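Have a look at the structure below, then the notes.
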Amino acid sequence: MEQAHDHAAARRRFRAARTIVALMLRDLSTSHGRTALGYLWELLNPILAIAVLTVLFQLLGRHPDIGTSFALFYATGVLPFHVFTGMSAKMSTVLIGSRSLLAYPGVTYMDAIIARLLLSALTDIVIIGAVVAGIILYERIDTIIDFPVVLDAFTMAVALGLGIGLSNSFLMAVSPTWGRAWTLVTRPLFLLSCIFYTFDSVPLPFRDWLWFNPLIHVIGLMRRGIYSTYDAAYVTPLYVYSIALATLVFGLAMLRRYTSFILHDG
């Protein structure tokens with residue numbers, strides 16, 4: 001009896017895994033298209049942002065706050081910011097984007113969430129690795145990367161994007177104006193997340209206010225992992241993970257209760 005139960009559980013896990021892989025492949029084709037240009041743009045997007053910042057501040061005669069490479073310094077800010085914004089945007093439309101597939105009895109909203117989470121995270125890992133390695137090799141930068149710290153920063157960005165994205169998925173469904181309001185509120189984040197300056201360089205009392213932006217902790221931790229001389233003592237992972245967990249619990253609870261409403265009326 002116990003053996004039959006184990007076989008049934010294994011079959012359920014296999015079906016769930018097969019469904020998630022199918023959803024990932026479907027998201028891959030719909031988000032990037034069927035040509036290499038779609039995948040290339042995903043890589044070029046952060047590269048162009050880094051290049052623009054590098055050229056702009058070089059023309060202004062500025063020096064990077066850490067190290068000697070403009071490109072690497074801005075990459076450590078742009079890339080985790082890109083992970084957060086990309087994850088939150090993709091999660092905010094996860095149910096609406098998978099509406100046709102969720103009509104099948106074998107597909108659940110959790111399958112759609114896990115598939116999009118895995119695809120987005122894997123894509124971002126490749127992008128970060130390619131961009132950072134490319135800059136270090138091209139500019140021949142001598143640095144010792146702390147990979148566990150970099151992975152922790154990446155995980156923080158993913159967790160924050162996941163939680164806020166799922167909360168927005170519900171809020172945008174019940175309030176059409178929320179999406180526009182969220183865009184307006186978050187638009188200044190690029191300037192307020194320590195992407196092209198360090199948190200330590202911000203004068204008081206603005207530094208105390210800026211601390212409550214969770215993205216400065218993510219970016220600060222990423223820089224600690226890339227630059228062995230950067231301490232980033234202000235970084236508090238517990239603060240970021242608390243926000244991520246709170247928004248994740250809220251988002252999942254609301255989606256579980258109102259999935260039918262979102263799919264049929266959203």
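Every number here is computed from the coordinates shown, using simple stated rules; none is lab data. Fair warning: this is a prediction, and the values are worked out from it, not measured in the lab. No Cβ is skipped: glycine too gets one built from the backbone with ideal geometry, and neighbour counts run over all protein chains shown.
A few points about this structure:
- Relative packing of peptides 134-143, 82-91 - highest average C-beta neighbours within 10 Å first: 82-91, 134-143
- Percent of C-alpha pairs per 5 Å bin, region 110-263, short to long: 2, 8, 14, 18, 19, 16, 11, 7, 4, 1, 0
- For region 75-191, fraction of C-alpha pairs farther apart than 19 Å, in %: 54 percent
- Full-extension gain in nm, Asp65 to Leu189, via 0.36 nm per residue minus C-alpha separation: 42.7 nm
- Using C-alpha pairs under 8 Å with a sequence gap of at least 6, the mean separation divided by the residue count of region 47-185 gives a relative contact order of 34 percent.
- Contour minus Cα-Cα distance for Val249 and Leu44 (0.36 nm per residue): 70.4 nm
- Rg/Rh (Cα only; Kirkwood hydrodynamic radius) as it applies to region 166-205: 1.20
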